[in-house]
Amino acid sequence: MFLSSVYPSTQANLDQMLAHWRNDSDTMDNIVHWSVTPPREAQLSPIPLGIAPELQAALESLGYVGLYRHQQQAFDHIRAGRCVVIATSTASGKTLCYNLPVFDTLLREPNARALYLFPTKALAHDQRETLAQLDDHIGGKVSIGAYDGDTPGNHRGVIRTNARIVLSNPDMVHMGILPQHPAWADFFRNLRFVILDELHVYRGVFGSHVANVIRRLKRVAGHYGAYPQFILTSATISNPRELAERLVEQSCELVDEDSSPSGQRNFLLYNPPIVDPELGLRRSASSESVRLAGDLLAYRVQGILFARARRSVEMVLRALHDRYPAESEAIHGYRSGYLPGERRAIERGLRSGSIRTVVATSALELGIDIGSLDASIVVGYPGTLTSLRQQIGRAGRRRGTSVGVMVASAAPIDQYLVRHPEYILDRSPENALINPDNPLILLQHIRCASFELPFKAGEKLGAISWDTLKEFLDLLAQAGVLNSSANRYYWISDQYPAQTVSLRNATAQTIVLHVEDDEQAHILGTVDQASAPWMVHPGAIYLHEGQSYRVTRLDLEQGEASLIPSNEEYYTEPKSQTEVEKVSEIEKKIVLNSEKTWGEIKVSTQVVGYRKVHWITRETLGQELLDLPPTQLRTTGYWFSIDDETVDFLRTHQLWTNDTNYYGPNWPAIRQIVRQRDQFTCQMCGALEVDRTHHVHHKVPLRSFTSLELANSLDNLITLCPNCHRKAELVVRMRSGLSGVCYVLNQLAPLFVMCDMEDIGAISDFQSPLTDGRPTVLLYDRIPAGIGLSESLYHIHERLLAEAMELVRNCPCQDGCPSCVGPAGENGAGGKNEALALLKILVLGQQSVIV
Amino acid sequence: MESLSDKLKSLGVQLGTQNIKPRVSQTRFSIEDVVAGEEIGTPLGSVYQIVQDFDIHYQHGLVHFDSPLNLEPLRAWGKTPPEKAAQIDQLLFLDTETTGLAGGAGTFAFLVGLGIWNDNGFRLVQLFLRQPSEEPAMLATLGRIAEAFTAIVTFNGKSFDIPLLNSRHLINSMPTPFIDMAHLDLLPLARKLWRNRLPSRALGDLERDILGVSRSGEEIPGWMVPQMYVEYLQTGDARPMKGVLYHNAMDILSLAALLRYDAHLLENPQEIQPNEGLDLVAIAQIYAEMGDLEKSLNLYEAGLQAGLPRPIFLQTLHRYADIYRKQGKLQEAAALWERAAQYQDLQAAIELAKYHEHRNRSPRDALQWTENAMGWLPLLPLRPSERRYWREELTHRQMRLLKKIQIEDRRNACN
């Protein structure tokens, strides 16, 4: 492991394959970006002086002649007692950045201890093997133990008292270590280092919980007189230092200049060709990736494919096996559920060259050591740019050429990125956000902290002041859980609070997801009760670790849902009716032709149905109704409204030319019937027809229907005088423009604030109560009390709109498609022209839309 | 400004304000009103101490506090260093009442009951937290009292009370007084003694079944105790604490009585329980483990004579025989195996086969026993895997013995 994994180099083959691609129009025509990064030499520093002699000897025997500059920088900072966050890329030797100083200290101070935290048990166990090897080389002086849910009961006592390095994860610290800290007294007394690996994973709700676990950890350590140094490693996000400092509430030094060597790297963006220009449909990303993978096999280039869902992995594997049966042995899948033995077997196969293509879900990007390969193909944008960069980063040897390809899917973000490759190559624009002071989350951890040590008057919990803390403690005392006497708060309940706190949910009220499949019933996980109606409504397709499930039953009262593994062709999108109420405005500002605000809101959502969307073509396959109760969500949101002047402007300038819609061959006759039924009177203002005939207006726009007959049914038609018709049309246009803008902003927002699509809700309202009845678009955090997403979006509002405008403007579709403003034909959505016009007005001003 | 409570409520949090009894209208009953005690002052605050003295002639159930006492067998069983538990006045008896059984840092002892022997008799000391903030003072007082003793006696204290108190010392940043003290936990002994004879080895049940004690109506069952303390803290009404104190006091008295009883039983089992065969053989096993084989043999014999249920009877014969075997007295062992064989005990038959083959050099007798056993097989209720095992073992032995006999016969014929 210490020497870079030595895989058979297939240098010449790769060069030939790249030359082939350049000359093959089937491939080259779809490559929208090809950049080459020149090779980079390592920048070495000498091994630091004065490290423990056993360690010096170990490094020499392992073949080290020096350290990479960033490893030496990290070492120096840590030696000087500072906290450090190391944010260099994959396979740059981050582990040695902390192992070296930790081992050095542990060798000099016979009682010193260190705690290594990883997001998963699998990572911790893999690291244990690595550490054991290092320990072997120094003569077995540092005992190492993993302490987590898998640790057998009879090992736990020994690890507590003897292990100098304890490997664990935040859940175990929260549930099994801190509440039992007296059994760890010696460990805490001598705790010198806490290592947090994969920092970027600690964002959103999970990150906010972990920040509080760290507050509790520091508090308990402080009780035993220890103030450990924090060392964090991260993948490249745009704000590693900020996230680290928020997580550990201490100032951190940043080491982010990668001095490890790398060969020439080719980065390609591949956009599958359009097969249906009107609907804007493209060939699927999976099938194009299979084609490219075939080239890898043909040219005997070792590579890895990353697919988003286990379904896709299986599909791609099957397609590859079908098409290249002779190579079946060399093609392998990889997913998170594998046992260590199976993982080792695949790693060995890659090293020996017997396995040439691995197809994986993103589970692989979390550190498991397969070293580096020649090629990486990422099938569809994996959800965050950080993940994308890590997956692309799997291709790249220390020497020699490598190639990383992202194959875009039809999703708007993918289509956006193929036009903006600089986002992928340069610093990622995603900020990882956490809000440790979210009151719901904070309350749960104050409870746990009270269990661990009684709070005394004047104490703080991390950065939480005594005044704030006291409010929570008094509440808990009122609830009978704490007893307040002589300025202290004692835990007097007989419950174990850590048990009811899940670090991945915002509230303690959760729905348990039960899976019944062929083998046996098991529990998949939990979701917040508030999110349950739209995440796991009956009929919903739910994705977990790359595998899809269909929900067969949801019982909100019992807090359970039943799911079965699913192989359906579609995913589901819930349709809900929402009502929004403003609670407070925190900040507002007038911007071009509008006003933006962020503040607290209450959203009442009722999921009334869902639609099934084909997950390759994104067509709507069907719709179903649901009967679920509404849920209340109090959270933060950001909204902007079109000002009155602009609405007038739109009205008077008749911006949108009258559509020459085709209403069918019977249209003249239908018009006649309707006008007659309505007695030739405008149904809005009452005016009788005088010189010209009145218009006949579709209440629900024509484009929302799948058939002319339905669109032209008499109860959808109404007689209006030309003026009123214009007004009504305006409303329809505005509505559809607003909802188109809402759709595209919702799709793009995760690009700027690092979160999943499910974490942000979006609502457009032509007459919004938030803004005294003005047309408004609202984006909000889908987590109670908010996590900072909408506040962040408020601050980048102008940029967000500008990017959205560009995306819509450049989209080749005619009237709206899933890749820009939403599929045409939806009730109120579509309306590409209207959405674009609105965006132009908000970004460039009114002149930009005057014809 | 919206209150935190309202904000949390609108975020969907239920803080579970259960029915908290109104403090306002009732008069508070402090512990001082309810039970006589004194406030002990320490540099860390004060704690409430209740003392009760029992004179030397006190009788708790069947146990007389003035009976002659030899601690030696009990001390030897507990592997306690002799200098630490030679006299009863070196022992500190201890039992706690806590705020729960969940364990972890959030549970504390609100009542520590201590028992001390002196020339006048038995003194019961109870340290009670009127408020949780008095804990440091309680621990300091406990430490001061404990200084005079070299050993603690508890019931399940090794798993529960002492680790809990040690944790509380760590949380209060105070050194624990128990570190150099020996610890005699009477629960493991109770299990060894009465695993087979009694349905439960809980202190309350032993109290009734062994010591002959019954508690008054004041008694509060153990599982209710944590909740009652919490309610006392919330309401200020200490009257229910009377029952809790009684419960704890009885626990300490029974612990003291049980120690005396156990000591007598180990020293003179045939006098204390001449008719309890199960007790006698349990003690025989204890002595065998301590290495006193003579005593063990006598007790096994006495146990057999007193009468035992069948499975224990057979087990006893084997254990008894094993001791003889250890001493090299194989004939005596064989006699016991033969007794067991009367009940179709397969293991006994095998032992006899081995005995006859190797000691008596009589393979024919060995074969006889083997074949007897094979004859029992179909009659015995065995699991299929057991049946297979015995059949294989016996068949194998039979084949081997037949061969041996054949060779012997041939040799005899040649001579």
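A compact table of results
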quantity: Fraction of accessible area attributable to carbon and sulfur, segment A:172-216 (%, probe 1.4 Å); calculated: 49
quantity: Order by protection proxy (mean Cβ within 10 Å, highest first), peptides B:232-240, B:61-69; calculated: B:232-240, B:61-69
quantity: Apportionment of accessible area to carbon and sulfur, chain B, percent (1.4 Å); calculated: 50
quantity: Mean separation of Cα contacts under 8 Å, 6 or more apart, over the residue count of segment B:128-188: relative contact order %; calculated: 42
quantity: Segment B:93-138 - accessible surface per residue (Å², probe 1.4 Å); calculated: 22
quantity: Cross-link pairs beyond the 28 Å C-alpha cut-off, checked among A:K94/A:K218; A:K460/A:K582; A:K218/A:K582; A:K460/B:K242; calculated: A:K460/A:K582; A:K218/A:K582; A:K460/B:K242
quantity: Taking chain B and dividing mean pair separation by its residue count, relative contact order in percent (alpha carbons under 8 Å, at least six apart); calculated: 14
quantity: Which listed pairs, of A:K141/B:K79; B:K192/B:K329; A:K589/A:K699; A:K602/A:K840; A:K456/A:K588, have C-alpha distances above 32 Å, in listed order; calculated: A:K141/B:K79; A:K589/A:K699; A:K456/A:K588
quantity: Separation in nanometres of the label points that stand 7 Å from Cα toward Cβ, at A:S61 and A:H795; calculated: 5.1
quantity: Degrees separating the helix A:439-452 axis from the principal Cα axis of chain A, which is the longest one; calculated: 20
quantity: Long-range Cα-Cα pairs in chain A (distance over 35 Å), rounded percent; calculated: 55
quantity: Listed residues A:H181, A:L385, A:V777: farthest to the positive end of the dipole of chain A (Cβ charges); calculated: A:H181
quantity: Chains B and A together, accessible area buried on both sides, 1.4 angstrom probe, square angstrom; calculated: 2900
quantity: Assigned charges on the beta-carbon of Lys, Arg, Asp, Glu; segment B:315-391 dipole about Cα centre (debye); calculated: 200
quantity: Degrees between helix A:153-162 axis and first principal axis of chain A (Cα, 0 to 90, nearest 10); calculated: 60
quantity: Highest-MSF residue in chain B out of B:L142, B:L74, B:L170 [GNM, Cα springs under 10 Å]; calculated: B:L170
quantity: Amide H within-cut-off set for A:G609, under 5 Å, with H built and near neighbours excluded; calculated: A:K575, A:L626
quantity: Net dipole in debye of segment B:22-267 [+1 Lys, Arg Cβ; -1 Asp, Glu Cβ; about Cα centre; nearest 20]; calculated: 720
quantity: Percent of alpha-carbon pairs separated by more than 20 Å within segment B:278-414; calculated: 52
quantity: Length gained when the stretch A:C685-A:A12 is fully extended (0.36 nm per residue, less Cα-Cα span); calculated: 234.5 nm
quantity: Members of segment B:94-143 that become less accessible by 20 Å² or more once partner protein chains are added (1.4 angstrom probe, chain alone as reference); calculated: B:T99, B:A102, B:G104, B:A105, B:G106, B:F108, B:Q131, B:P132, B:S133
quantity: Dipole axis of the protein assembly as shown (+1 Lys, Arg; -1 Asp, Glu on Cβ), positive-most option in A:V85, B:A85, A:S45; calculated: A:S45
quantity: Segment B:278-414, accessible area per residue, ligands and nucleic acids excluded (1.4 Å, Å²); calculated: 55
quantity: Among B:313-322, B:330-339, the order from most to least packed when residues are scored by Cβ within 10 Å on average; calculated: B:313-322, B:330-339
quantity: Positive-end residue, the protein assembly as shown charge dipole about Cα centroid, Cβ charges, pick of A:N162, A:L626, B:L74; calculated: A:N162
quantity: Dipole magnitude of the protein assembly as shown, debye to nearest 20 (Cβ charges: Lys/Arg +1, Asp/Glu -1, about Cα centre); calculated: 2300
quantity: Helix-only [θ]222 nm of the protein assembly as shown, DSSP H runs n ≥ 4, -39500 (n - 2.57) each, per residue, nearest 500; calculated: -12500 deg cm²/dmol
quantity: DSSP beta bridges in chain A [antiparallel fraction, %, rounded to 5]; calculated: 65
quantity: Candidate lysines for bridging to B:K403, where Cα separation is under 24 Å - those fewer than 8 sequence places away on the same chain excluded; calculated: B:K354
quantity: Segment B:278-414, relative contact order in percent, only Cα pairs under 8 angstrom and at least six apart counted; calculated: 13
quantity: Average other protein chain Cβ within 10 Å of Cβ, residues A:178-188; calculated: 4
quantity: Cα convex hull volume per residue for chain B (Å³); calculated: 227
quantity: Peptides B:54-60, B:155-161 ordered by average Cβ neighbours within 10 Å, highest first; calculated: B:155-161, B:54-60
quantity: Phi-based couplings in Hz for segment A:811-816 (Karplus 6.51, -1.76, 1.60; Gly and Pro marked x); calculated: 6, x, 6, 8, 10, x
quantity: Whole-number accessible area per residue in Å² for segment A:144-209, which is evaluated in the context of all protein chains at 1.4 Å; calculated: 29
quantity: Between helix B:225-235 and chain B: long-axis angle, C-alpha atoms, 0 to 90°, nearest 10; calculated: 10
quantity: 10 Å Cβ neighbours from other chains, averaged over peptide A:480-493; calculated: 6
quantity: From phi via Karplus (6.51, -1.76, 1.60), per-residue ³J(HN,Hα) for segment A:498-507 in Hz, x at Gly/Pro; calculated: 4, 5, 8, 9, 9, 6, 10, 10, 6, 10
quantity: Two-decimal Rg to Rh for segment B:22-267 - Kirkwood Rh, Cα set; calculated: 0.96
quantity: Residues of segment A:618-644 buried by at least 10 Å² on assembly (accessible area, 1.4 Å probe, chain alone as reference); calculated: A:R634
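The values are calculated or read from the model by the stated rules, or taken from the named source; none is laboratory data. The structure displayed is predicted, hence computed values, not measured ones. Reconstructed Cβ throughout: ideal geometry from the backbone, glycine too, with neighbour counts over all protein chains shown. Only protein heavy atoms, including side chains, enter the accessible area calculation; ligands, DNA and RNA are left aside. Shrake-Rupley method; radii C 1.70, N 1.55, O 1.52, S 1.80 Å.
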